1. Hey, among 234, 228, which residue is aliphatic (A, V, I, L, M), in contact with a helix residue (DSSP H, G or I) (Cβ under 7 Å, 6 or more places away or on another chain) and open to solvent by 10 Å² or more (accessible area, probe 1.4 Å)?
2. Condition check: modelled with pLDDT under 95 and either charged (D, E, K, R) or open to solvent by less than 40 Å² (accessible area, probe 1.4 Å) (or both). Does residue 203 satisfy that?
3. Within the stretch 168-197, how many residues turn out to be open to solvent by less than 10 Å² (accessible area, probe 1.4 Å), within 17 Å of residue 90 (Cα to Cα) and in a loop (DSSP other than H, G, I, E, B)?
4. Looking at the stretch 152-172, which of its residues are under 17 Å from residue 116 (Cβ atoms) and in contact with a Leu (Cβ under 9 Å, 6 or more places away or on another chain)?
5. If I ask for residues that are open to solvent by less than 30 Å² (accessible area, probe 1.4 Å) and in a loop (DSSP other than H, G, I, E, B), which ones from the stretch 118-142 would you list?
6. Within the group 216, 198, 209, which residue is over 25 Å from residue 96 (Cβ atoms) and either β-branched (Val, Ile, Thr) or free of Cβ contacts under 8 Å to residues at least 40 places away in the same chain (or both)?
Amino acid sequence: MRRSLLLCRGAKGRGWYKRYMEMGEVGFQKNLPPAPFDWSKGLPNAVSNMVVFSDDAQENACSNSAGPPAPNRPKVFFDITIEEDRLGRLVVELAHDVVPRTSENFMRLCEGSQQFSYKGTKVCDILKESSVRLGDVETNTGAMSHSSTGERYFRDENFIIPHSGAGLLSMATSGVHTNGSQFYISLGACPHFNGRCVAFGRVLEGDKVIKEMEKVYTFRGTPARDIVIEDCGVLDYAGVELTQQPLSKVAVTEPTHHLPLHRTSSSASAAQLQADSTS
């Protein structure tokens with residue numbers, strides 16, 4: 001019995017390393033952290049039309065020579081407070097040319113003109129050196145998520161932008177095609193989010209605000225002090241017309257499940273991440 005347990009443990013633990021050793025240098029190159037997305041460049045049509053994650057799309061999107069100059073992208077802001085003390089403002093650039101549906105959902109929630117708004121919501125979870133999770137516009141507890149599209153969730157648009165550093169925004173999900181309102185702000189590289197969370201923006205101003213948020217004491221990820229989005233809005237629409245269906249005409253649907261925390265280790269194997277994303 002003990003021998004069989006050891007064999008199983010070895011297959012799940014050292015087995016991936018043995019396979020990559022047999023493949024040579026190519027096996028390890030496939031799992032290196034991706035190059036950062038070049039925000040100063042636009043995407044070629046061949047890449048921007050892709051709606052699934054692929055190595056070719058990511059390579060083209062992250063190449064310094066890929067695509068024309070980036071268009072004028074929309075910008076939104078968040079005014080952050082800690083226990084009613086003003087902390088500062090975050091200015092976020094949205095990659096509308098890469099993920100238009102995700103960006104428009106985010107802009108509408110920042111506007112607050114419909115049933116749901118980010119204004120008044122709290123930070124739900126802080127994982128040191130990993131990410132900050134916020135955006136529960138429904139219960140403000142971190143358990144629920146609702147989009148501005150009329151439906152509770154919408155589909156994963158693409159995974160072109162990798163989580164290669166701090167200050168990136170991506171959707172917090174509970175599985176495949178469960179994008180709603182909750183989102184992450186990365187505190188560092190989060191390769192375990194690649195292929196499972198849609199990255200759609202970056203922080204232009206407010207790095208000090210994010211660092212102060214990370215310093216707040218947490219208990220099992222929950223901050224001990226209330227970190228609240230006091231105000232939010234759209235600074236620059238950049239010619240984007242929000243065409244999504246207003247929530248006032250659509251009944252709020254009940255969730256099929258609550259939103260769990262993504263606490264996957266950044267050292268998780270590619271096979272495990274692929275199994276999670278297809279389940």
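The values are calculated or read from the model by the stated rules, or taken from the named source; none is laboratory data. Quantities reported herein were computed from a predicted structural model and do not represent experimental measurements. With ideal geometry, Cβ positions are generated from the backbone for all residues, glycine too; neighbour counts draw on all protein chains shown. Surface accessibility is based on the protein's heavy atoms, side chains included, excluding ligands, DNA and RNA. Shrake-Rupley method; radii C 1.70, N 1.55, O 1.52, S 1.80 Å.
1. Details: 228 fails: in contact with a helix residue (DSSP H, G or I) (Cβ under 7 Å, 6 or more places away or on another chain).
Exactly one residue qualifies, and that residue is 234.
2. Details: modelled with pLDDT under 95: no; either charged (D, E, K, R) or open to solvent by less than 40 Å² (accessible area, probe 1.4 Å) (or both): yes.
So residue 203 does not fit the description; no.
3. 1
4. The initial filter retains those residues of the stretch 152-172 that are under 17 Å from residue 116 (Cβ atoms), namely 152-154, 171-172.
Within the stretch 152-172, 172 is the sole residue that qualifies.
5. The initial filter retains those residues of the stretch 118-142 that are open to solvent by less than 30 Å² (accessible area, probe 1.4 Å), namely 118, 121, 123-126, 130-137, 142.
Selection gives 118, 121, 130, 135, 136, 137, 142.
6. Numbers: 198 fails: over 25 Å from residue 96 (Cβ atoms); 209 fails: over 25 Å from residue 96 (Cβ atoms).
Exactly one of 216, 198, 209 is over 25 Å from residue 96 (Cβ atoms) and either β-branched (Val, Ile, Thr) or free of Cβ contacts under 8 Å to residues at least 40 places away in the same chain (or both), namely 216.
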